[in-house]
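Note sheet for the following structure.
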Amino acid sequence: MELRVLKYFLAVAREGSVTGAAHRLHVTQPTLSRQLKDLEDELGQRLFVRGSHSVSLTAEGMLLRQRAEEIMTIVNKTRSDFSERHKIAGDVYVGGGESEAMSLLAEVIRDVRDRHPAIRFHLYSGNAEDVMDRLDRGTLDFGVLIQPVDISKYDALPLPYKDVWGLVMPVGHPLAEKKGIAPEDLDGIPLLFSRQVLQYGSSENPCLEWLGKSASELNIAATYNLIYNAALLVRAGVGCAVTLDRLVPTGVRSGLVFRPFVPKLESSLDIVWKKGQFFSPAASAFLSRLQERIGEEK
């Protein structure tokens, strides 16, 4: 399987048309069609459903698209690492969940680019499971993980931030009149929960320990991995979201309010990378500046 053919496959998948992809790739349509047919023969799978003027991916085609995009990311990252080996330039890939702690990384990225403007940063947003999966596959250099999560298989650097847990609800909700939310306040209330929180047992989950209940005892109306769309469900009246502070706009204009849990519940954060990770000069510059900045915060 050649990288060139994977590039052709991805172009057709994105364009939804062999003709359009051929034009973009500057190859003839018969050449492109033959390459795609050879790829299907090599894999022994039908990758496209061909219509009169367009194509769509089969289930096998969607799987190959995911794998091909990961392969091309690693290829481009490897080329960048080697081509920029003797100068401070290249690409750094950072993933993380939604957290105010990302503001620290934003400042570090600014500082690094002030010193080395040829460094490019690529950010990926996702929950812990998504980020760790990409770290393990090599498509991320670093990941910012919010506890609770098992980071034992990574090298890690604790971040000098703690995120505060609480409840996001509509402005007119009865609980909005309270300054803080106690565990008993949530009895029977429809709740929206992060899937990351629910996948850990109560014995190792500070959030569920604070609630004093197992997930099965809660009135969970929906789950989410990132809070933006969950906030839309809150605004629509589906339920109240258990989340971290300062992740969604609150106030009259947004129609939402955040109230912290009492007693206070916080989660620590770590930036992690694969053990034995080989760092490009660009990634090393980022990690070095981050370590300096954390030292300044202490």
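Compute the helix-to-body angle for 3-15: its Cα long axis versus the longest principal axis of the chain, expressed 0 to 90° and rounded to tens.
Tilt of helix 3-15: around 60 degrees.
What does the helix-only formula give at 222 nm for the chain: each DSSP H stretch with n ≥ 4 adding -39500 (n - 2.57), the total divided by the residues, and the result rounded to the nearest 500 deg cm²/dmol?
My calculation for the chain gives -12500 deg cm²/dmol from helical runs alone.
Straight-line reach only, C-alpha to C-alpha below 19 angstrom: list the lysines that K179 could link to, leaving out same-chain residues fewer than 8 apart.
Leaving aside lysines fewer than 8 places away in the same chain, those within reach of K179 are K264.
Tell me, what HN-Hα J-couplings in whole Hz come from the Karplus equation 6.51 cos²θ - 1.76 cosθ + 1.60 at θ = phi - 60° for each residue of the stretch 181-192, using x for Gly and Pro?
Calculated HN-Hα couplings, in order: 10, 8, x, 5, 5, 8, 4, x, 6, x, 10, 10 Hz.
Which residues make up the longest stretch of the chain clear of GluC sites (Glu not before Pro) that lie in a DSSP loop with no more than 15 other Cβ atoms within 10 Å, not counting the sites?
Counting only loop sites that pass the neighbour cut-off, the longest clear stretch is 101-298.
Can you give the % of DSSP beta bridges in the stretch 24-157 that are antiparallel, to the nearest 5?
The antiparallel proportion sits near 25 percent.
Restricting to DSSP loop positions (anything but H, G, I, E, B) with no more than 16 other Cβ atoms inside 10 Å of their own Cβ, which chymotrypsin sites (Phe, Trp or Tyr not before Pro) remain in the stretch 151-184?
Taking the stretch 151-184 and a limit of 16 other Cβ atoms within 10 Å, no loop chymotrypsin sites (Phe, Trp or Tyr not before Pro) are found.
Assuming R0 = 30 Å, can you tell me the calculated FRET efficiency for the pair Q45 and D150, based on Cβ-Cβ distance, to the nearest 0.05?
Once rounded, the FRET efficiency stands at 0.30.
In the set (i) 48, 43, 37; (ii) 70, 67, 36; (iii) 67, 50, 39, which value of Cα extents along the principal axes in Å was calculated from the structure you see?
From the options (i) 48, 43, 37; (ii) 70, 67, 36; (iii) 67, 50, 39, the structure gives (iii).
May I ask which residue of V27, F261, A182 lies farthest towards the positive end of the charge dipole of the chain, with charges of +1 (Lys, Arg) and -1 (Asp, Glu) on Cβ and the Cα centre as origin?
V27
Report the Cα centroid-to-centroid distance between the stretch 244-281 and the stretch 112-162 in angstrom, as an integer.
Centre-to-centre (Cα) distance: 14 Å.
Volume per residue, Å³, of the convex hull around the alpha-carbon atoms of the stretch 3-75?
80
Once phi is turned into ³J(HN,Hα) by the Karplus curve 6.51 cos²θ - 1.76 cosθ + 1.60 with θ = phi - 60°, what whole-Hz value does each residue of the stretch 279-290 show in order, with x for glycine and proline?
Rounded to whole hertz, the list is 9, 5, x, 5, 5, 5, 5, 5, 5, 4, 5, 5.
Before anything else, pin down the relative contact order of the stretch 1-135: Cα pairs under 8 Å, at least 6 apart, normalised by residue count, whole percent.
18
Show me, for the stretch 40-51, the HN-Hα J-couplings you get by feeding each phi into the Karplus relation (A = 6.51, B = -1.76, C = 1.60, θ = phi - 60°), rounded to Hz, glycine and proline as x.
4, 5, 5, 7, x, 9, 7, 9, 10, 9, 8, x
Pairs to check: K87/K153; K77/K275; K37/K77; K7/K77. Give those whose C-alpha atoms are more than 22 Å from each other in this structure.
Table pairs above 22 Å Cα-Cα are K87/K153; K37/K77.
Hey, got the dipole for the chain? About the Cα centre, +1 on K and R Cβ, -1 on D and E Cβ, debye to the nearest 20?
980
Read-outs: derived from the displayed coordinates by stated rules, not from any lab. It should be emphasised that the depicted structure is a prediction, and the values quoted were computed from it without experimental measurement. All Cβ positions, even for glycine, are placed from backbone atoms using ideal geometry, and neighbour counts span all protein chains on display.
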